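Structure first, then comments.
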Amino acid sequence: MTTLTPATAAETLATVAWAAAEESPLEILGHGSKRGIGRPLQTEHTLDLSKLSGVTLYEPAELVLSAKSGTPLAEIEKLLAENGQQLAFE
């Protein structure tokens with residue numbers, strides 16, 4: 001199994017385009033915290049998005065937050081807690 005770890009959105013796009021052209025399924029992975037749930041995936045390649053991390057937009061007064069796909073939930077929760085907020089599903 002090959003793990004592909006893009007560091008930018010452009011690299012991610014190129015990786016997905018390559019996999020689509022090859023008709024090769026990808027396992028998409030953030031940090032793998034839910035990897036054991038459900039059936040095991042039958043893929044030759046894993047797309048590890050953990051390098052794509054960080055909050056890109058946060059407007060506490062507007063209740064708007066945008067984060068990259070590999071951002072740990074703990075990082076988001078800490079940022080929200082600093083402003084007396086929490087995720088709606090908590």
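For the range 7-37, how many residues are on the phi > 0 side of the Ramachandran plot and at pLDDT 90 or above? Show your work before the answer.
The initial filter retains those residues of the range 7-37 that are on the phi > 0 side of the Ramachandran plot, namely 23, 32.
Filter once more, keeping what is at pLDDT 90 or above: 23.
The qualifying residues number 1.
For the range 59-83, enumerate the residues that are on the phi < 0 side of the Ramachandran plot and over 17 Å from the mean Cα position of the chain (by Cα). First the steps, then the outcome.
Here is the first cut: in the range 59-83, the residues on the phi < 0 side of the Ramachandran plot are 59-62, 64-83.
Glu59, Pro60, Ala61, Glu62, Val64, Lys78, Leu79, Leu80, Ala81, Glu82, Asn83, listed by residue number.
A quick yes/no check of all residues on (1) loosely packed, with under 12 Cβ neighbours inside 10 Å; (2) free of Cβ contacts under 8 Å to residues at least 60 places away in the same chain; (3) among the aliphatic types (A, V, I, L, M); (4) more than 30 Å from Ala21 (Cα to Cα):
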{"site": "Gly36", "(1), (2), (3), (4)": "yes, yes, no, no"}
{"site": "Pro40", "(1), (2), (3), (4)": "yes, yes, no, no"}
{"site": "Glu44", "(1), (2), (3), (4)": "no, yes, no, no"}
{"site": "Ser50", "(1), (2), (3), (4)": "no, yes, no, no"}
{"site": "Ser53", "(1), (2), (3), (4)": "no, yes, no, no"}
{"site": "Tyr58", "(1), (2), (3), (4)": "no, yes, no, yes"}
{"site": "Leu63", "(1), (2), (3), (4)": "yes, yes, yes, yes"}
{"site": "Ser69", "(1), (2), (3), (4)": "no, yes, no, no"}
{"site": "Leu73", "(1), (2), (3), (4)": "no, yes, yes, yes"}
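Look through Thr56, Thr71 and report the one residue that is in contact with a Ser or Thr (Cβ under 9 Å, 6 or more places away or on another chain), within 26 Å of Pro6 (Cβ to Cβ) and at pLDDT below 95. Steps first, answer last, please.
Numbers: Thr56 fails: at pLDDT below 95.
After ruling out the rest, the residue left standing is Thr71.
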The range 15-53 - residue that is farther than 18 Å from Met1 by Cα and among the polar types (S, T, N, Q) and, of those, nearest to the chain's Cα centre (by Cα): Ser53
So, in the range 3-17, exactly how many residues are out of contact with any helix residue (DSSP H, G or I) (no Cβ under 6 Å at 6 or more places or on another chain) and either of a type in the set (A, V, I, L, M, F, W, C) or exposed (fewer than 10 other Cβ atoms within 10 Å of the Cβ) (or both)? 7
Go through the range 18-34 and give me each residue that's within 21 Å of Ser53 (Cα to Cα), hydrophobic (A, V, I, L, M, F, W, C) and exposed (fewer than 12 other Cβ atoms within 10 Å of the Cβ). none
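The values are calculated or read from the model by the stated rules, or taken from the named source; none is laboratory data. A quick note: this is a predicted structure, and the numbers were derived from the prediction, not measured. Note that each Cβ is placed from the backbone with ideal geometry, even for glycine, and that neighbours are counted across all protein chains shown.
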